[in-house]
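The values are calculated or read from the model by the stated rules, or taken from the named source; none is laboratory data. In this text, all values refer to a predicted model and were calculated from it rather than measured experimentally. With ideal geometry, Cβ positions are generated from the backbone for all residues, glycine too; neighbour counts draw on all protein chains shown. Remember, those area values only see protein heavy atoms, side chains included, never the ligands or the DNA or RNA. Shrake-Rupley method; radii C 1.70, N 1.55, O 1.52, S 1.80 Å.
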Amino acid sequence: MRSSRRLRWASVPVSIVLVAVLAGCTHEQLRGWLPGDENGITNHTDRVVGLWTTSWIVLLIVGVITWGLIIFAVVAYRRRKGQTGLPVQMRYNMPIEILYTVIPLILVLGFFAFTARDQAAIEEPYAEPDVQIEVIGKRWAWDFNYLDANGEPDVYESSQQVSRDTPTGEIDESTIPTLVLPVNQTVEITIESRDVAHSFWIVDFLYKKDMIPGKSNHLYFEPLKEGTYSGKCAELCGQYHSLMLFNVDVVSQDEYQDYLEELRDAGQTGSVGLEYNPNQNLPGTEAARTEH
């Protein structure tokens, strides 16, 4: 009778999990509530979604088992009517202690192995990227330098801080700068900071990377779907951090070339580099010194 009661209580969490699984999942749940509503936006997004959702599924299973064991212990070993004093105490249970040591170790090693595998794939440089772009973050805007096939400056797009309508507080969409990328082309983006630490984040691409003054970082990916995607600085960088926005337009190869020609026709050739860095007089730099 007692064992049947224990089994009944232990079956409760298992039943809850089965009901949740059989009920099916929405598209947002399958993506783990990550940003974006599409799969395959870049060649890395599905990998990120898979790592994220699989990790949560494993952790949820561990949580359900743990909660089930807690409930089972509370019910099965509760004080019965008429009982007094402490229950029988055990000093240790070697099989259970080994189990509680081995399982977490396997989980940690598994998470580490899969994370290292996916990170290595995402961070793998392209030997000869189709497109090379230099993105420079500055308080509180962006400069985009488009490089030629030899990695030399070709054309650029420079921006100023996004404007906000004073009476309503709404952002003026027309002042948001746009980074243009060709679809189905390998892209290498070199990110730099001209002043303080920023973070380059294309939200739907599910990847961001810090922009550290004096250090060059890189992103490698291939856009797979045309569309417009939002981007922002993800590192608190000062008073107008929330206005450090940009858009990304993924377009066809012909549209991309037409855009570069528009910049060239507008006289925006060359690049806007780090020579405008306001921190050139910091210790360790080669700023000119005036003798007194």
Assuming a ≥ b ≥ c are the square roots of the Cα gyration tensor eigenvalues, decide whether region 38-104 counts as rounded (a/c under 1.5), prolate (otherwise, with a/b larger than b/c) or oblate.
oblate
What ranking do 159-165, 226-232, 120-126 get when scored by the average of other Cβ atoms within 10 Å per residue, highest first?
226-232, 159-165, 120-126
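Expressed as a whole percentage, what fraction of the accessible surface of region 157-218 belongs to carbon and sulfur atoms when a 1.4 Å probe is rolled over the protein heavy atoms?
Roughly 46 percent of what the probe reaches on region 157-218 is carbon or sulfur.
At a 1.4 Å probe radius, which order do TYR256, TYR207, TYR100, TYR240 fall into by accessible area, largest first?
On the way: TYR256 10, TYR207 65, TYR100 140, TYR240 85 Å².
Order by accessible area, largest first: TYR100, TYR240, TYR207, TYR256.
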Rank TRP201, TRP142 by accessible area, highest first, at a 1.4 Å probe radius?
TRP201, TRP142
Bin by bin, in steps of 5 Å, what percent of the Cα pairs in region 137-292 do you find, going until the bin that has the longest distance?
2, 8, 15, 21, 20, 16, 9, 5, 2, 1, 0, 0
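Provide the per residue accessible area, probe 1.4 Å, for region 222-279, rounded to a whole number of square angstrom.
Accessible area per residue, region 222-279: 54 Å².
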Which value in nm describes the separation of the simple spin-label points at LEU109 and ALA127, placed 7 Å from the Cα toward the beta carbon?
3.5 nm
Full extension between VAL75 and GLU255 adds, at 0.36 nm per residue less the Cα distance, a length in nm of 58.1 nm
Lysines whose Cα lies under 22 Å from that of LYS215, excluding same-chain neighbours fewer than 8 positions away:
LYS138, LYS232
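With all protein chains present and a 1.4 Å probe, how do ASP210, ASP143, ASP258 order by accessible area, largest first? Please list the in-between numbers first.
On the way: ASP210 70, ASP143 0, ASP258 90 Å².
The ordering from most to least exposed comes out as ASP258, ASP210, ASP143.
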Using a 1.4 Å probe on heavy atoms of the protein chains only, the accessible area for THR115 in Å², nearest 10, reads 60 Å²
Over region 121-180, one equal point on each Cα, no solvent: what is log10 I(q)/I(0) by the Debye formula at q = 0.13 Å⁻¹?
-0.49
Once you order the gyration tensor axes a ≥ b ≥ c over the Cα atoms, which shape class does region 56-203 get: rounded for a/c under 1.5, otherwise prolate or oblate by comparing a/b with b/c?
prolate
